[in-house]
1. Give, as a single signed number, the net charge of other residues whose beta carbon lies under 9 Å from the beta carbon of B:THR37, with Lys and Arg counted +1 and Asp and Glu -1.
2. Stick to the Cα atoms of the stretch B:1-146, pair each with every other, and give me the Kirkwood hydrodynamic radius in Å at one decimal.
3. Please name whichever of B:TYR139, B:GLY71, B:SER59 sits farthest to the positive end of the charge dipole of the stretch B:59-203, dipole taken about the Cα centre and charges placed at Cβ: Lys and Arg +1, Asp and Glu -1.
4. Would you mind calculating the relative contact order of the stretch A:66-203 from Cα pairs under 8 angstrom and at least 6 residues apart, reporting the percent as a whole number?
5. Using a 1.4 Å probe on the protein heavy atoms only, what accessible surface does B:SER16 show? Give it in Å² to the nearest 10.
6. Tell me the carbon and sulfur percent of the accessible area for the stretch A:46-88, rounded to whole percent, probe radius 1.4 Å.
7. Would you mind working out the accessible area per residue for the stretch B:59-203, using a 1.4 Å probe, and quoting it in Å²?
8. With +1 on the Cβ of every Lys and Arg and -1 on the Cβ of every Asp and Glu, and nothing else charged, how large is the dipole of the stretch B:59-203 about its Cα centre, in debye rounded to the nearest 20?
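The values are calculated or read from the model by the stated rules, or taken from the named source; none is laboratory data. Since the structure is predicted, the reported quantities are computational estimates derived from the model, not experimental observations. Heads up, the Cβs are rebuilt from the backbone with ideal geometry, glycines too, and the neighbour counts pull from every protein chain shown. The accessibility values were calculated without ligands, DNA or RNA, using every heavy atom of the protein model including side chains. Shrake-Rupley method; radii C 1.70, N 1.55, O 1.52, S 1.80 Å.
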2 protein chains.
Amino acid sequence: MTSRPTAPTSPGDEPSGRQRLLDVGAALLAEHGYADTTLRQVAREAGMKAGSIYYHFDSKDQLLTEVLRLGMTAVTDAFDEAVGHSRDTADPLVRLHAVVQAHLRALFEFGPYTATHVTAFHYAPKDVRSGVLPLRDAYEAKWQNLLDDLVADGALAATNTPRVRRLHLLDLMNSAIHWFDPTGTETIDDLANSIVELFWVGATNSAHSPALNTDRNSP
Amino acid sequence: MTSRPTAPTSPGDEPSGRQRLLDVGAALLAEHGYADTTLRQVAREAGMKAGSIYYHFDSKDQLLTEVLRLGMTAVTDAFDEAVGHSRDTADPLVRLHAVVQAHLRALFEFGPYTATHVTAFHYAPKDVRSGVLPLRDAYEAKWQNLLDDLVADGALAATNTPRVRRLHLLDLMNSAIHWFDPTGTETIDDLANSIVELFWVGATNSAHSPALNTDRNSP
DNA sequence: GTCTATATGTCGATAGAC
DNA sequence: GTCTATCGACATATAGAC
């Protein structure tokens with residue numbers, strides 16, 4: 001449930017060395033951006049000196065690339081799992097809600113790794129971006145296919161272009177990283193409900209769908 | 001129509017010195033962020049040397065603060081003008097559409113000054129942020145009041161909290177800076193339509209409102 | 001108003017001891 | 001694996017000539 005990001009290192013041993021650098025690097029990167037995150041800062045918060053980083057990584061860019069890669073892997077896995085669990089569900093609204101919830105959970109609960117894609121990716125060096133772009137494109141394609149399927153099922157109205165429809169939904173979810181506080185009174189599920197409801201009813205011509213549970217005390 | 005951002009300097013004279021630095025600084029800031037925008041770069045593209053900047057500004061932070069201030073003034077003026085022009089309009093959807101259009105026009109046509117608020121504000125030094133925060137809060141309050149009025153009129157459903165409603169709409173508009181190309185086939189008005197339609201129908205319980213003109217060839 | 005020259009600091013990265 | 005020490009590049013900012 002509260003599993004930490006899993007690096008290619010064998011699980012079971014407590015986070016040390018490389019893993020600590022990744023965790024700290026992701027946190028600093030998500031909060032301060034690429035340029036303002038210094039290796040000296042990463043090293044200090046990881047309990048070592050700046051020079052020691054180069055035993056684990058070849059460069060600052062490589063550390064950042066690895067953080068972004070792990071983050072995109074995490075949301076992609078969360079997406080696939082949610083799709084798998086809801087594939088037998090008839091109601092397309094429930095399916096949409098499941099993946100939105102999965103994306104938001106990854107964004108807020110998995111933590112800094114995924115958040116870096118919203119806050120730091122765009123201003124990272126070109127080499128870093130191009131190294132992670134295939135993973136990002138693949139993830140966006142998953143969303144595009146899902147929304148296209150919902151339109152094909154007649155569950156979503158075909159307003160706007162498919163691309164704009166996808167971008168609007170992803171913007172709604174990702175932008176929340178700048179203002180939503182998951183430790184506050186509103187839960188992540190509340191946020192998922194508000195976004196799905198907005199997007200869903202907005203993209204279709206019909207009135208309220210009865211399937212969306214807006215009860216804030218649901219498990 | 002194509003008026004440039006007006007600095008506190010007297011209008012009429014061609015942009016020189018301080019104004020050129022502001023224009024270049026805003027452009028670089030919007031594209032590369034705060035930390036990656038160097039004064040050497042700003043000076044070079046403005047046709048002068050780095051040291052000369054300090055005749056016009058006391059520090060990099062002050063230049064950035066001024067850019068952000070001008071940007072927020074621009075969107076605020078655009079908002080007020082749109083509200084003034086549509087205040088006598090009965091249809092609340094038309095009023096909402098007018099301000100969304102005004103915000104997007106300021107974001108894309110006025111250019112880098114307003115875009116910096118989306119791309120660079122969050123990662124600017126604390127002193128810079130606090131120096132512009134009152135202007136930002138005032139602008140957000142305008143949107144909050146407008147949406148609250150629409151809810152009070154029964155034009156928008158009172159789903160979610162008022163704050164979340166406002167943030168979602170602003171997120172939809174501002175996030176488009178990362179992917180929308182105003183020089184492409186889709187116009188800014190098209191984007192405004194797509195956002196208003198999504199938000200409007202999504203936030204209300206009724207079906208399509210007949211007032212929104214979705215004709216892409218409207219003047 | 002703009003220039004040159006420079007002070008001062010911090011960054012990423014390397015080399016080699018332990 | 002982590003340390004110390006340091007190199008070279010580049011940043012903001014300053015001082016003073018023109």
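1. Numbers: positive: B:LYS60; negative: B:GLU31, B:ASP36.
The answer is -1.
2. 16.1
3. Going by the Cα projections, it comes out as B:SER59.
4. Once divided by the residue count of the stretch A:66-203, the mean separation gives 31 percent.
5. 70
6. Carbon plus sulfur share of accessible area: 49 percent.
7. 38
8. On the way: 12 positive and 20 negative charges, 112 e Å.
So the dipole magnitude of the stretch B:59-203 works out to roughly 540 debye.
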